[in-house]
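Visitor: What follows is a single structure, and I will ask about it in a moment.
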Amino acid sequence: MESIEALGTTEAPVNKSNIHVLTIIGQIEGHLTLPPQNKTTRYEHIIPQLVAAELNPEIEGILAILNTVGGDVEAGLALAEMMASLSKPTVSLVLGGGHSIGVPIAVAADHSFIAHTATMTIHPIRLSGLVIGVPQTYEYLDKMQDRVVKFVVANSRISEAKYRELMFRTGELARDIGTVLVGKDAVKVGLIDDVGGLAEAVAKVQELIGHWRASRQRPKNRPNPPKPPGPPGGGQASETSGPHPTSSPGGGPR
């Protein structure tokens, strides 16, 4: 009964796989809790999944499926940054829609797909709630917009000029400025890599996993490196007593 009420089926399919499926649906919930009638994805639920997938040796690839209207900018960027920094292969699939801050999440994967009828809305970020009408507010918005633009440009094939042109286009949206890209249009501008569905996305993950495995394999039975010749006179080489190079405090990577 519990399975029927929760999933609409008598038994949920169970299959142990080396691919972790990540679903990002509805509105991406950030620091504020949205009303209960909203379908949301909480970033505090996704972040532990990404960390666990990175640490679990049985997981070799991640498939992210998106059908989101966007949401909190910083929460969405946090998820996108984490996905882009994973060492394991990642593939994203946009179904239905990958709008607003869902765009950086979609392009953060190693390879991205979009369904033929799926859409992606590109528009400027906006603030909700109390807005103080001072120049600093607009400067803050501009900095936030630059963060989104630079991430998308760095993780896709679209140029910054083209992305900004789509973002500030007028006359296409009735109550907003921006652009709606449908399926192959997102591929044509360089935002998404390919048009495809679930079968293509799974096949691509497996292909990337194969390359990832090959890159991790080290050559076996490597010959020992030749020993350096000893000093003249047949004596034993010794370490010098001079200072050894060390990294300065705080100079290492963080």
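The values are calculated or read from the model by the stated rules, or taken from the named source; none is laboratory data. Note that the structure is a prediction, hence the values are computed from the model and not measured. Neighbour counts run over all protein chains shown; Cβ positions are idealised from the backbone, glycine included.
Visitor: Being assigned to a helix (DSSP H, G or I) and buried (at least 20 other Cβ atoms within 10 Å of the Cβ) is the filter here; which residues of segment 54-76 pass it?
Guide: Val73, Ala75, Gly76
Visitor: Which members of segment 108-129 meet the condition of being more than 28 Å from Ile62 (Cα to Cα) and either in a helix (DSSP H, G or I) or charged (D, E, K, R) (or both)?
Guide: Arg126
Visitor: When you go through Glu5, Glu29, Glu11 one by one, which is the residue that is modelled with pLDDT under 90, closer than 30 Å to Thr121 by Cα and among the acidic types (Asp, Glu)?
Guide: Result: Glu29 is the single residue among Glu5, Glu29, Glu11 that is modelled with pLDDT under 90, closer than 30 Å to Thr121 by Cα and among the acidic types (Asp, Glu).
Visitor: For the condition in contact with a strand residue (DSSP E or B) (Cβ under 6 Å, 6 or more places away or on another chain) and either under 24 Å from Gly96 (Cβ atoms) or at pLDDT 95 or above (or both), what is the one hit in Ala186, Ala199, Ala203?
Guide: The conditions single out Ala186.
Visitor: Check Ile132, Ile192 and return the single one that is within 24 Å of Ala75 (Cβ to Cβ), part of a loop (DSSP other than H, G, I, E, B), aliphatic (A, V, I, L, M) and within 22 Å of the chain's Cα centre (by Cα).
Guide: The match here is Ile192.
Visitor: I've got another one for you. Any idea how many residues of segment 130-162 are out of contact with any Leu (no Cβ under 9 Å at 6 or more places or on another chain), touching a residue at least 12 places away in the same chain (Cβ under 8 Å) and loosely packed, with under 14 Cβ neighbours inside 10 Å?
Guide: Total satisfying the criteria: 1.
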